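Here's the structure, in structure tokens; my notes come after.
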Amino acid sequence: MTGPDFASLRAACTDELAKSGCFDRAPWARAAVLKVERERFVPRDVWEWAKDGYRVLSYSTDPQAWARAVYDPVRAVVTQINDDERTPLTTDGLVRGAATSSVSALDIVCIKLGYLDLEPGHKVLDIGAGSGVNAALLEERAGAGNVVTIEIDTSLAEQAEHNLDTTGYTARVVCGDGENGFADSAPYDRLICTASARHIPRAWREQARPGGTILTPFGTLFSNSGLLRLTVGPDGTAEGRFVHTAAYMWLRSHRAPGGRPPRDGQERLSASPADPDKILDNDWHANFAIGQLVPGLTMQRTISEEDPRILLWDGKDSFASVCCAGWDEADAVLQQGPRSLWDEVLTARSWWDDHGRPETTRYGLTITADDQHHMWLDSPENPLVHSTA
Ligand SMILES: C[S@@+](CC[C@H](N)C(=O)[O-])C[C@H]1O[C@@H](n2cnc3c(N)ncnc32)[C@H](O)[C@@H]1O
């Protein structure tokens, strides 16, 4: 049996990416994607989603399916679950849990390369090495010796180093917490992160050259969906806009805190003035705004058919449970704790509707020298006001 024809798959994938405009901002990236042998970075056993858990997709048992996954232009390849704590397979052969590393989907990888405005000779810090493949693409543009890539997970860092070495790249792999950057090689012209942040670590601004760029997925626990591009000022400040949508796994310390809402304190019961399914209607842009306006918000939907509910929590001591079916009944909304989370969500959604339903790319962020983060709409003169302000 002949193995997969990787060169043809790579060429077809590159054509798809070109057709969907992924190289428009960085035409050089087309040749880079055609050159970097992605199959040499992806582990031979990866994870694929199967309805309610992950199962192994192995090159050894299905090389063609594995190769198609590697060269799928729009899907990430999950390479690690649950931080590699060896979760035993359940009886149905699936592993439940969260993806903690992946080889990112090529469409967003190329879009990010476009927004990075990378030039030959730039010094780049790549945060979240994973397989090392992004570092290889960066090196294709920045040149040998100009890329440092950091990975927090020891075994992934070792794999990235091996993958880069054996494919002929010189990028330096550092095993460590990318939130601290890597001061030894600073200053950097470009910092690019392949995990999502809830705030920008101070070290990234300190290690960027004035005028340099920080490009990172950025969001809230409620909506992890923006791609933020900041320009660093000479005085330790940074400012910039969201340039695209992007959903990535979190930087390790930015993940949702575990635990359960406390559910104590007086219960405040009311009807909801609006249908919860219309307020939280899965619109990415609405959710982005709600997440920014209601600090700390997380949401879960219950799966009960008779009594579907939306559960909200602020990660501290406020909780709300909203009944989706009989939402206009007098006891449909239960709120507890110092904050009335459902009221805050309703106010945030009205703000978004009243402001013409702005898309994610209308927002921006200013970070002051003393690390205050200020989100704004359209311009820094128009700051967002948190529901708790
Ligand atoms: C989307 S994945 C990697 C993508 C990678 N560029 C690729 O395509 O192979 C994100 C990676 O960030 C790593 N990561 C998470 N938090 C980190 C941190 N604080 N410092 C460095 N790496 C981190 C994860 O272990 C994971 O490997």
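For ASP264 and ARG357, compute 0.36 nm times the residue count separating them, minus their Cα-Cα distance, and round to one decimal in nm.
On the way: separation 93, 0.36 × 93 = 33.48 nm, distance 3.55 nm.
Working it through step by step, the gained length comes to 29.9 nm.
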* Structure fact -> Interchain or sequence-distant (5+) residues whose placed amide H lies within less than 5 Å of the amide H of ILE81 are THR100
* Karplus-derived 3J(HN,Hα), 6.51/-1.76/1.60, for each residue of the range 190-202, Hz, glycine and proline x -> 9, 10, 10, 10, 10, 9, 8, 10, 9, 8, 8, x, 4
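Using Cα pairs under 8 angstrom and six or more residues apart, how large is the relative contact order of the range 130-246, in percent? Each step should come with its number before you reach the end.
Values: 222 pairs, mean separation 20.0, N = 117.
The normalised contact order for the range 130-246 reaches 17 percent.
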* Tell me, what ³J(HN,Hα) does each residue in the range 262-271 have, in order and in whole Hz, if you take phi through Karplus 6.51 cos²θ - 1.76 cosθ + 1.60 with θ = phi - 60° and put x for Gly and Pro? -> x, 6, 10, x, 5, 8, 10, 9, 7, 7
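Determine, for THR361, THR100, the number of other Cβ atoms within 10 Å of each Cβ, and report the residues in order from fewest to most.
Numbers: THR361 14, THR100 21.
By the 10 Å Cβ count, ascending, the order reads THR361, THR100.
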* Asked: Lone cysteines in the chain, going by a 4.7 Å Cβ-Cβ cut-off?
  -> CYS13, CYS175, CYS193, CYS323, CYS324
* **Antiparallel DSSP beta bridges within the chain, as percent of all bridges there, nearest 5** => 75
* Kindly provide log₁₀ I(q)/I(0) values, in the same order as q = 0.14 Å⁻¹, from the Debye equation applied to equal alpha-carbon scatterers of the chain. => -1.27
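Relative contact order for the range 268-354: what is it in percent, counting Cα pairs under 8 Å that are at least 6 residues apart? The partial results should precede the final answer.
Values: 152 pairs, mean separation 30.6, N = 87.
Value for the range 268-354: 35 percent.
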* Asked: Excluding same-chain residues fewer than 8 positions from LYS19, which lysines have a Cα within less than 28 Å of its Cα?
  -> LYS35, LYS112
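Multiply the residue separation of ASP84 and ASP24 by 0.36 nm, subtract the distance between their alpha-carbon atoms, and state the gained length in nm to one decimal.
17.9 nm
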* For the chain, what is the relative contact order in percent, using Cα pairs closer than 8 Å and at least 6 residues apart in sequence? -> 10
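For the residues VAL133, VAL147, VAL70, what sequence is obtained by ranking on other C-beta atoms within 10 Å, fewest first?
Ranked by crowding around the Cβ, least crowded first: VAL70, VAL133, VAL147.
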* **For the range 268-354, radius of gyration divided by Kirkwood radius, i.e. Rg to Rh on alpha-carbons** => 0.93
* Asked: Hey, quick one: spin label on ASP281, modelled 7 Å out along Cα-Cβ, who in the range 347-388 has an amide N within reach, i.e. under 18 Å?
  -> 347-360
* To do: Report ³J(HN,Hα) in whole Hz for each residue of the range 8-14, in order, from the Karplus equation J = 6.51 cos²θ - 1.76 cosθ + 1.60 where θ = phi - 60°; Gly and Pro get x.
  => 5, 4, 5, 5, 5, 5, 4
* Structure fact -> Exposure proxy check on GLU206, GLU37, GLU381: fewest-to-most Cβ neighbours within 10 Å is GLU381, GLU206, GLU37
* Running Debye on the range 218-369 with equal point scatterers at the Cα sites and no solvent, what base-10 log of I(q)/I(0) appears at q = 0.09, 0.17 Å⁻¹? -> -0.33, -1.03
* Asked: Quick one: helix 284-293 against the long Cα principal axis of the chain, what's the angle to the nearest 10°, folded into 0 to 90?
  -> 70
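Throughout, read-outs are computed from the coordinates displayed, never taken from laboratory work. Keep in mind that what you see is a predicted model, and the values were worked out from it rather than measured. Ideal geometry is used to build each Cβ from the backbone, glycine not excepted, and the neighbour counts take in all protein chains shown.
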